[in-house]
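Working notes for the structure below.
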Amino acid sequence: MDLLKKTLADIKPLDEKAMDKARERQYKLTKPPGSLGRLEDLSIIIAGIQRQALPEIKNKAIFTFAGDHHVVFEEDIASAPMEITAQQVLNFVSGGGAVNALANHSGARLVLIDMGVATPYDRPDSVKDKRVGKGASNISRGPAMTRLEAVKALEGGIESVLEEIGIGLDIIGVGEMGIGNTTPASAIYALYTGADPEEVTGPGAGIDDETIKRKIEVIRKALDVNKPDKTDPIDVLAKIGGFEIGGMAGAMLAAASKGIPVVVDGFISTAAALLADQLSPEISPYLILSHHSAERGYGHAAGFMKQKPLLDLGLRLGEGTGAALGISLCEAAVRALKEIRTFDQAGVTDVTEL
Ligand SMILES: O=C(O)c1ccc[n+]([C@@H]2O[C@H](COP(=O)([O-])O)[C@@H](O)[C@H]2O)c1
Ligand SMILES: Cc1cc2nc[nH]c2cc1C
């Protein structure tokens, strides 16, 4: 609990001075002011997060948190066999996953964290062991985990980021792997946004319409049986969350506490962002939503957070794939701010003074 408390206390508002300087510079670069659109805004926000007028994005990492969910197997609403979570972790270790390809594309290293994979597997040392349990319990019959376990999951996520800072960390992406995790994510969406479970529940990795109907009923039951206290995000995580969802929320808090921008991946990562947002009144500007997930209801969460994701490519994979693309855009934004010459430097007539 001490680590969580300290991390929360260390999250400060963005550095307004650094942002003012970055904004001024954007205005003097050889282009019509505002013509790089949201890339300009992004560079200014990253300056505020990193507390430097000329931010730096060299060391990039995607954190992919893995965990399982017994609810979807016990209630017969699973999209795929449970062992896929463990198999995919090993696939990521050997470089064969979609997230590997897109992390490579954006020049980010991949950090894998086992938060509670249920299927036994030979966990290589390169996968961080932050296991809280053997998969989250059935949320339609009781809580996903105890309150103590929820704190442990959050702190496992915090530690995962802190451990990587020594290696270099200018920006992070946060994603997940966990068969069944759209079910708790949808429950969290419904609780916070006030949307009916039907509006925020979709096919996830792939279930048919009949199964979606049952999934919606499972989510209604989870909310009804557990009665999570919205004003207490740890209670929400414990009752209707999951170990990897806690890990992601913790990672977001840790990065923000160290002045590191957080690129949020897709549907499930955004449920973790909702929790982080409830845990810290200061974290919101540190969270950059990478893309509009195609999973039903995503817009409710983005709208609730008053944010517009950077991309809308119809992605619904998770793993950190959208975050990898988002990191590329952040890097592009920062490079533009740093590398475009000013009117003065380039000997171009300053259009802002005409
Ligand atoms: O992030 C997203 O937008 C997203 C949307 C749908 C599914 N997923 C991935 O699919 C898995 C969860 O889907 P499901 O149907 O098993 O709950 C999990 O491994 C996620 O990474 C991810
Ligand atoms: C193969 C597979 C890969 C995934 N990656 C994220 N969720 C997934 C679900 C499945 C089924």
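Bear in mind these aren't lab numbers, they're just calculated from the coordinates by the rules spelled out. The structure displayed is predicted, hence computed values, not measured ones. Don't worry about glycine lacking a Cβ; one is built from the backbone with ideal geometry, like all the others, and counts go over all protein chains shown.
Can you say what percent of the DSSP beta bridges in the chain, counting only those with both residues inside, are antiparallel? Round to 5. Antiparallel bridges make up about 5 percent of those DSSP assigns within the chain.
Estimated from helical segments only, the mean residue ellipticity of the chain at 222 nm is -15000 deg cm²/dmol, where each DSSP H run of four or more residues counts as -39500 (n - 2.57).
Shown here: the chain, whose C-alpha atoms stretch 69, 42, 38 Å along the first, second and third principal axes, sorted largest to smallest. Using the basic label-point model (7 angstrom from Cα toward the beta carbon), what is the A332 to D125 distance in nanometres? The modelled label-to-label distance comes out at 3.9 nm.
Label point of T349 set 7 angstrom out along Cα-Cβ; within segment 15-32, amide nitrogens under 18 Å from it belong to 28-32. A straight chain from A294 to D2 at 0.36 nm per residue would run longer than the Cα-Cα distance by 101.4 nm. Applying the criteria of a DSSP loop state and at most 13 other Cβ atoms within 10 Å to the trypsin sites (Lys or Arg not before Pro) of segment 17-72 yields K58. For segment 124-141, the Karplus equation 6.51 cos²θ - 1.76 cosθ + 1.60, evaluated at θ = phi - 60°, returns couplings of x, 4, 6, 8, 5, 9, 10, 4, 9, x, 8, x, 6, 6, 5, 6, 8, 10 Hz by residue, with Gly and Pro reported as x. Converting phi to 3J(HN,Hα) with the Karplus coefficients 6.51, -1.76 and 1.60 and the offset θ = phi - 60°, segment 279-294 yields 6, 10, x, 9, 7, 3, x, 7, 9, 10, 6, 6, 7, 7, 4, 6 Hz in sequence order, with x at every glycine or proline. Computed about its Cα centre, the charge dipole of the chain is approximately 580 debye, with only Lys, Arg, Asp and Glu carrying charge at their Cβ.
Potential lengthening of the chain between D209 and I340 amounts to 42.1 nm, from the contour at 0.36 nm per residue minus the alpha-carbon distance. Each peptide in 220-226, 234-240 receives the mean, over its residues, of other Cβ atoms within 10 Å, and ordering these scores from highest gives 234-240, 220-226. Sparsely packed loop sites in segment 114-183 (the trypsin sites (Lys or Arg not before Pro) outside DSSP H, G, I, E and B with at most 16 other Cβ atoms within 10 Å) comprise K134, R141. Which trypsin sites (Lys or Arg not before Pro) in segment 270-316 sit in a loop by DSSP (not H, G, I, E or B) and have at most 13 other Cβ atoms within 10 Å of their own Cβ? Loop-located and lightly packed - K306.
Sequence-distant contacts, meaning Cα pairs under 8 Å at least 6 residues apart, place the relative contact order of segment 236-298 at 35 percent.
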